[in-house]
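Here's the structure, in structure tokens; my notes come after.
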Amino acid sequence: MTKRRKTRAPIVSEDALKEFKENIQDRELLQLAYRFEILEELNKAGILNTRFLALEALGALAGGRIEGRTEGDLQTCWPKEWGTETITLPLSLILALRDGWQDYKKAPTRKTLGEAFKIEGGGQGSHPMKARLATNDRERALARAVETQYLQVKDCINALTLDEVINQVATAHGVSFGTVKDAHKAHRDSIRGTLYELEILKGVKPSRS
């Protein structure tokens, strides 16, 4: 038995559909705009939060940029709720976020976001990258404290020796002499290299570590 279409079902206007197709300049941009509208609807409904939406949208926008779309083209795709203010960023950084996000979505359930982005420790004795960065920042701060004091007074008659400066910095920061000495040794050339580039220091520029 042939089933008949219900009379209340919507009817497609062939003429309107043809005109719509002819007016589409870039079908992929239209699909992207539709995708963003869906994401925004899910965000408003509380199904997705803004951070999830942001990572999803960044990946899609980066893909569009690689395919040759201009920033202006892409800006026409996102909902008005996202605003009109933009910022120019290195595409390579956005692609890094996109790749990590895709890895997270495709990974098994047990894989965390941090592991997908390779910013969490993934093995025994491995420290999260935020801990590595914090350690590096602290070491550089100690090294800069030594350099600031040592370079400013090294030509004075009563200038302190390097070890004396290191000892003072260690006492001021509540750490050991060895901790400060190791930090200064590791980052001294890098700090001085920057000072040479700024022409604050003169003479033979050391190699950057």
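Nothing in this text is a laboratory measurement; each read-out follows from the coordinates by a stated rule. The shown structure was predicted, so the numbers you read here are calculated from the model rather than taken from an experiment. Cβ sites come from the backbone with ideal geometry, for glycine too, and all protein chains shown count toward neighbours.
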Thr86/Ala131 FRET efficiency (R0 25 Å; Cβ-Cβ; nearest 0.05)
0.15
From the phi angles alone, apply the Karplus equation (6.51, -1.76, 1.60; θ = phi - 60°) to the stretch 176-187 and give each ³J(HN,Hα) in whole Hz, x where the residue is Gly or Pro.
7, 4, x, 4, 5, 5, 5, 5, 5, 5, 6, 10
So, over other residues within a Cβ distance under 13 Å of Leu39, counting Lys, Arg +1 and Asp, Glu -1, the net charge is -2
Charge dipole (debye, nearest 20) of the stretch 129-197; +1 at Cβ of Lys and Arg, -1 at Cβ of Asp and Glu
280 debye
If I take R0 = 22 Å and measure r between the Cβ atoms of Thr50 and Asp99 in this structure, what FRET efficiency does the formula 1/(1 + (r/R0)^6) give, to the nearest 0.05?
0.55
May I ask you to derive the FRET efficiency for Arg65 and Ile38 from their Cβ-Cβ distance with R0 = 25 Å, giving the value to the nearest 0.05?
0.75
Pair Asp189, Ile119: separation of 7 Å Cα→Cβ label points (nm)
3.0 nm
Within 10 Å, count the other beta carbons around each residue, average over each peptide in 37-45, 56-64, and list them highest first.
56-64, 37-45
